[in-house]
Ligand code: ADP
């Protein structure tokens, strides 16, 4: 390619800037121009891009957020919007498009394919880690670390008052953040899509109440339950209210929220974003198309975009098993 269009789309994630930088530097090396479009797919509709030269990406590797901004773009989901976006790419003489985003953004790329015949590559940037075919996504590691730091602080105050906390974590419809954070914070219980369905809500509520009561009787300590967003109808606040109303259990709900999306990317995210950005440019040069750059067992590879958005990615079974083993011991012993 001679000119690459680049944008960040959907939920922002720490490390997106590191990926932008890597794309621009790798492209520069091969004498390819990079045009940055702002606000996700809106940028293709607005047709007001900026040329990303080396100075534009100077010192951005450590910045959270995305210098290209991100947004949802409902108009891009219409035929008119897609045609308009394709027109922009033609007018700007772009022969390739790299999108850093999540599964929704990749679905957008596949839709655009009907109207534009340039090369397209996805880079997985989402804190949720819910993309098939890549062991990690850009932003996941930082989000997990941010949540761990926050819960460690909650643990101090919970210990001091022997309080019960219900902490709600992000992840849309997957429990990667919740399970990893739960294990890393030694949470007394984890509630996620993988181990709970709203059908057995009453039963779960009773079980939780019994567990909390037994912990309170046998030891004087805090109790932290981490739950994935969207797993309990009404979230952490509703669960706390139900425990109070049905079982007279006092607990404090805490929704960590957008704090998990921000912050300077950690080492892992900076490194994976850099590797993915460079690999994306390399993939374009190799003539690849409609693929997502991925890392599997520490090796960079390409995965068909169609496959990346299947929502089949499971939580590592070793992690779930470790969590269950630990809970079995901690539930019966003072530790
Ligand atoms: P993420 O990429 O983080 O999963 P979204 O699901 O919000 O975020 O998707 C980002 C954007 O991708 C949407 O606002 C829309 O512009 C575009 N998009 C998502 N799904 C489609 C689709 N089926 N067809 C066209 N565009 C889509």
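Some values worked out for this structure:
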{"read-out": "Cα convex hull of the chain - mean projected area over all directions, nm²", "value": "17.4"}
{"read-out": "Sorted by Cβ density within 10 Å, fewest first, the residues 190, 255", "value": "255, 190"}
{"read-out": "Separation between Cα centres of region 1-60 and region 269-297, rounded to whole Å", "value": "14"}
{"read-out": "Cα-Cα pairs of region 82-163 separated by more than 16 Å (percent)", "value": "64"}
{"read-out": "Nearest-0.05 FRET efficiency for residue 290 and residue 90, computed from C-beta distance (R0 22 Å)", "value": "0.75"}
{"read-out": "Rounded tilt (10° steps) of 140-161 against the dominant C-alpha axis of the chain", "value": "20"}
{"read-out": "Alpha-carbon Debye profile of region 216-260, log10 I(q)/I(0) at 0.20, 0.21, 0.23, 0.27 Å⁻¹", "value": "-0.73, -0.79, -0.90, -1.07"}
{"read-out": "For region 118-162, alpha-carbon Rg over 2.2 N^0.38 Å", "value": "1.77"}
{"read-out": "Virtual paramagnetic centre 7 Å along Cα→Cβ of residue 316, amide N under 13 Å, in region 250-283", "value": "none"}
{"read-out": "Helix 317-332 axis, angle to the chain major axis (alpha carbon atoms, nearest 10°)", "value": "20"}
{"read-out": "Order by protection proxy (mean Cβ within 10 Å, highest first), peptides 142-148, 125-131", "value": "125-131, 142-148"}
{"read-out": "Label point distance in nm, residue 201-residue 54, each placed 7 Å from Cα along Cα→Cβ", "value": "5.8"}
{"read-out": "Hull volume in cubic angstrom per residue (convex hull over the Cα atoms of region 177-298)", "value": "162"}
{"read-out": "Linear extension gain, residue 31 paired with residue 332, 0.36 nm per residue minus alpha-carbon span", "value": "102.0 nm"}
{"read-out": "Peptide ranges 305-318, 283-296 listed from the most packed, as the mean C-beta count within 10 angstrom indicates", "value": "283-296, 305-318"}
{"read-out": "Translational diffusion coefficient (Stokes-Einstein; Kirkwood radius from C-alpha pairs) of region 19-123 at 25 °C, 0.890 mPa s, in µm²/s", "value": "174"}
{"read-out": "Peptides ranked, highest mean first, by Cβ atoms within 10 Å: ranges 74-87, 257-270, 150-163", "value": "257-270, 74-87, 150-163"}
{"read-out": "Between 0 and 90°, nearest 10: helix 103-112 axis offset from the chain longest Cα axis", "value": "30"}
{"read-out": "Kirkwood hydrodynamic radius of region 34-76, from inverse mean 1/r over distinct Cα pairs, in Å", "value": "11.2"}
{"read-out": "Computed over region 105-242, Kirkwood Rh from alpha-carbon pairs, angstrom", "value": "16.8"}
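Laboratory data are not the source of any read-out in this text; all were calculated from the coordinates shown. What you are looking at is a predicted structure, and each value in this text was computed from that prediction instead of being measured. Positions of Cβ are generated from backbone atoms using ideal geometry, with glycine treated the same way; all protein chains shown enter the neighbour counts.
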